[in-house]
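Remarks on the structure that follows.
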Amino acid sequence: MSNNESLKVPQDKQIIKQSNKLGEQTRTGYDVFLGCVIASRLPFLETSARKIFAKLGIELHDVDGFSCCPDPTGIELVSHSAWLALGARNLSLSSAGNGIVSFCSGCVETLKGVNHAMKKDHAVKEVNKFLGNIGKHYDGETKVTHFGQILYEQLEKVKTTVSKPLKDFKVAVHYGCHYLRPSEIIQWDDPFEPITVDAIVEGLGAESIPYEFKMECCGNPTSKMDKDLSLLMAKKKLDAIKKTKANCIIVVCPACYQQFDFNQKELNKTFGTDFNFPIFYLSEAVALAFGFTPDELGLKFHATRVTNFLKEINFTS
Amino acid sequence: MIAKEKQEVLDLKQVLVFKKNQETTLFLKRIVLLAIYFLIPVFISILYWYEDPVAFDPEMAALDIKIIHNLGSIFGIFSYIWMCFNILIITRIKLIENNFSVDFTMLFHTVMASVSLLFGLLHGSMLLLTGIFPDTILITGILGWLIFLSLMVLAIIFMTNRLIKVKQLEKLRKSAYKIKFKYNLNKILHNITMLAVFSVFVHTMIAFTAASSELMRAVYFGFFILTLFGWVSHKMVRALQLDPPISRRDPFTKGSLRSKMIQKPNDAWFLKLLDKIPSLYACFQCGTCSEGCPAASITDGAYNPRLIMEAVILGQQELLVDHLEPNVWLCSTCQKCVEQCPQKIELTEIFTMIKNECYKSGTSPESINMQIQMVFDNGLAIPLTPPIERRRSQLGLPEIKSADVNEIQSLLKGAHLDLSTTKEEENN
């Protein structure tokens with residue numbers, strides 16, 4: 001990695017004020033909000049996430065009675081008030097000291113978005129009128145955190161826990177949209193020049209490869225209306241990644257994961273391309289670096305095979 | 001293999017160096033442009049000092065009076081030059097548009113126009129301390145200043161969203177919209193600035209004739225002509241549609257939506273949207289949203305957020321909701337437009353409201369309708385089926401106790417979303 005120096009992600013961004021509060025949040029733990037896609041379609045992503053949190057000593061509590069978050073690219077578009085009601089109900093169920101952690105950027109955007117909407121007086125009244133029907137109440141106080149944020153805040157601990165550095169992982173980091181935007185609601189990384197996931201990836205011993213259109217959308221939400229547009233949006237990104245020496249993609253959102261993992265074959269068939277990028281969820285990459293085996297993590301459930309890739313780069317024998 | 005690897009590394013480094021160079025050039029260009037803005041009035045002040053047009057008789061006036069007079073004149077110089085520049089910087093000069101964002105240019109225009117106005121006030125009050133001036137000078141100066149002041153107040157209330165969080169402002173804008181005082185009317189009113197510029201120009205000509213300084217007269221005349229030329233050519237370009245007719249940033253716009261309008265502007269509908277999203281009032285169709293939109297670049301503008309915003313401003317509810325023209329559902333909710341909008345307009349929220357209306361009129365995509373039905377029936381968008389539950393236990397994951405469906409249904413019914421009847425119909 002002779003060029004590692006030149007590609008280092010700048011660490012001096014002012015936007016992230018809370019850095020590396022080691023151990024401070026490990027005692028009381030988080031309520032874990034799974035959401036629909038991870039729980040019911042991609043449970044193997046949940047496996048890796050739970051394993052790394054256990055390894056880091058961060059307690060996760062399961063809460064009974066969560067519903068769909070609901071989807072900020074689906075239900076909200078049908079009925080804003082239904083979205084608000086369901087979101088507030090979910091938030092009202094959390095009692096952990098640190099609030100909710102979610103492994104899904106969409107759930108995080110919805111839950112943070114509901115909290116943001118509740119800053120307006122009339123929304124608080126509206127929401128509690130809805131919740132009153134089912135005997136619940138919400139005051140807008142539950143904190144919501146994306147798992148990527150916790151990993152970044154505990155980066156030093158993550159680094160010291162790494163037992164099998166991701167050598168030869170040349171990663172195209174895909175942030176996706178809802179991990180960052182709208183920044184007024186998400187209040188985390190820079191909306192256009194983010195650094196957090198790159199920093200985690202580099203902390204695992206992998207190399208983050210810059211590429212064109214890094215900040216573009218994966219295209220998943222448009223598939224509900226226009227499948228072709230959705231595929232073209234994915235293709236634009238994959239084409240750009242293909243031009244670099246990246247050999248895998250890391251994502252932090254299950255919608256992006258599905259878009260890239262499930263559609264590469266279809267893209268190859270339609271456009272005669274030869275995309276074959278293994279897609280890793282950030283939690284999977286961290287888990288691999290922590291020494292968990294592909295079998296333990298259920299990596300065999302990926303649509304684009306990852307086992308060959310891990311052998312090729314001599315990560316597994 | 002190793003050689004190939006090295007080659008790739010080199011390429012990447014070259015790319016990075018190239019990118020860095022590009023950034024440096026941009027940075028330098030910005031510095032030069034800002035230096036021009038701030039240094040030119042300094043040079044002219046030096047020129048003025050050197051020319052010393054108002055020669056004081058030391059016996060007639062004290063030295064401190066002269067200092068106050070000269071200082072007041074220098075405030076006047078800054079005020080005049082910046083007045084000209086503040087107009088020029090928003091007349092779509094390519095050199096400025098390519099190097100600064102619309103957001104920055106507008107902020108700069110707003111702030112510096114206010115500063116110039118303040119300098120104008122200082123100029124007037126300081127000079128009035130030092131002597132008596134003829135009526136013509138007073139009238140032209142004060143008239144120009146008052147026009148600028150009223151336009152500034154109007155612009156701060158109606159044209160920028162920077163103070164939109166103030167509740168009274170929201171109400172004021174809504175009532176203004178109701179009496180047809182729309183954004184476009186503000187835009188037209190803002191052109192009265194040129195009347196003020198002319199008044200101030202006459203003011204300076206009279207003053208420097210009295211002081212008999214041909215050099216200063218020439219400089220001021222030059223700046224006036226420059227400003228007039230910039231303004232007229234900007235209006236000509238717009239009138240003759242030599243450039244993209246409406247927008248600064250939208251590379252896709254071929255023409256206005258007006259020709260496709262199928263209903264009279266529905267102001268009541270616009271007001272309903274404005275009520276929820278007050279920032280909407282000040283969309284001036286710059287097209288920054290379309291410039292950054294990933295769906296727009298792939299559909300070559302067939303979908304583009306600026307076009308939707310234009311339809312909203314023109315109150316084209318039927319076009320948007322019933323005909324999906326332009327199709328608001330092609331938005332991928334990536335929120336880039338919201339982040340980049342120089343007026344901080346919450347575009348995605350506006351689109352959400354339109355989509356909500358589409359659902360009510362039955363024009364929302366089938367997969368979306370299925371998703372909400374799924375949530376209504378199961379509490380989850382993707383239900384937990386036995387195979388998935390088996391896989392979860394294989395993976396060592398805990399069992400999920402998701403929400404009670406009855407509770408979710410009564411919550412949704414309370415939130416005006418009752419899908420139970422639809423389902424019974426389907427069963428029958």
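Quick note: the coordinates plus some simple rules give every number you see, no bench work behind them. Being a predicted model, the structure only gives us computed values, none of them experimental. With ideal geometry, Cβ positions are generated from the backbone for all residues, glycine too; neighbour counts draw on all protein chains shown.
Key figures for this structure:
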quantity	calculated
Segment A:179-236: GluC sites (Glu not before Pro) in DSSP loop, at most 15 other beta carbons within 10 Å	A:Glu212
Segment B:15-174: Lys pairs at Cα distance under 23 angstrom, eight or more positions apart or on different chains	6
Average partner coverage of A:226-234, which counts Cβ from other chains inside 10 Å	4
Among B:Pro365, B:Met236, B:Leu163 the positive-end extreme of the charge dipole of chain B (Cβ point charges)	B:Met236
Extension gain from B:Asp404 to B:Leu95, taking 0.36 nm per residue of separation minus the Cα-Cα distance	105.1 nm
Ascending count of other beta-carbon atoms within 10 Å, so fewest first, for B:Leu320, B:Leu149, B:Leu274, B:Leu39	B:Leu39, B:Leu149, B:Leu274, B:Leu320
Electrostatic dipole magnitude of chain A [Cβ: Lys, Arg +1; Asp, Glu -1; Cα centre; debye, to 20]	300 debye
Likely footprinting exposure, A:Glu153, A:Glu312, fewest C-beta neighbours within 10 Å first	A:Glu312, A:Glu153
Nitroxide proxy distance, nm - points 7 Å out along Cα→Cβ at B:Thr24 and B:Glu389	6.5 nm
Helical contribution to [θ] at 222 nm, DSSP H n ≥ 4, -39,500 (n - 2.57), averaged over chain B, rounded to 500	-21500 deg cm²/dmol
Check: the protein assembly as shown dipole with +1 on Lys, Arg Cβ and -1 on Asp, Glu Cβ, in debye	500 debye
Environment charge at A:Val101 (Cβ cut-off 13 Å; Lys +1, Arg +1, Asp -1, Glu -1)	-2
Simple label model, 7 Å out from Cα along Cβ direction - B:Ser175 to A:Lys164, nm	7.0 nm
Alpha-carbon centroids, segment A:85-117 and segment A:243-295: separation in whole Å	27 Å
Cα-projected label distance for A:Ser95 with B:Ala62, points at 7 Å along beta-carbon direction, nm	7.9 nm
Partners for A:Lys125 among aspartates and glutamates (Cα-Cα distance below 12 Å; same-chain residues under 8 apart left out)	A:Asp139
Residues B:Trp49, B:Trp329 arranged by fewest to most Cβ contacts within 10 Å	B:Trp49, B:Trp329
Net length gained if the chain between A:Ala303 and A:Thr28 were fully extended (0.36 nm per residue, minus Cα distance)	95.3 nm
Ellipticity estimate at 222 nm from DSSP helix runs (n ≥ 4, -39,500 (n - 2.57)) divided over chain A, nearest 500	-12500 deg cm²/dmol
Cysteines in chain B that, by Cβ-Cβ distance, have no pairing candidate under 4.7 Å	B:Cys84, B:Cys283, B:Cys286, B:Cys293, B:Cys331, B:Cys341, B:Cys358
Average other protein chain Cβ within 10 Å of Cβ, residues B:381-389	4
Positive-end residue, segment A:161-312 charge dipole about Cα centroid, Cβ charges, pick of A:Pro191, A:Ala287, A:Tyr257	A:Tyr257
Cα-centred dipole magnitude for segment A:216-265, charges only on beta-carbon of K, R (+1) and D, E (-1), debye, nearest 20	200 debye
Shielding score for A:292-301, defined as the mean number of other chain Cβ atoms within 10 Å	1
Listed residues B:Cys334, B:Cys358, B:Cys289, most fluctuating in chain B (Gaussian network, C-alpha, under 10 Å)	B:Cys334
Lysines with Cα under 22 Å of A:Lys265, excluding same-chain neighbours fewer than 8 positions away	A:Lys170, A:Lys214, A:Lys224, A:Lys227, A:Lys235, A:Lys236, A:Lys237, A:Lys242, A:Lys243, A:Lys245, A:Lys300, A:Lys311
Calculated FRET value between A:Asp139 and B:Leu195, using beta carbons and R₀ = 51 Å, to 0.05	0.40
Farthest positive-ward along segment A:161-312 dipole, Cα basis, beta-carbon charges - from A:Val173, A:Leu267, A:Gly298	A:Leu267
Chain A: DSSP helices with Cα axial extent of at least 20 Å and average Kyte-Doolittle hydropathy no lower than -1.0	A:227-242
Span-rule helices in chain B, defined as complete DSSP H runs reaching 30 Å or more along the axis (Cα) with Kyte mean at least -1.0	B:2-51, B:63-88, B:102-130, B:214-239
Selected from B:Lys94, B:Lys336, B:Lys182 as most flexible by GNM, with chain B as the system and alpha-carbon contacts under 10 Å	B:Lys94
Segments A:218-229, B:393-404 sorted - mean Cβ within 10 Å per residue, highest first	A:218-229, B:393-404
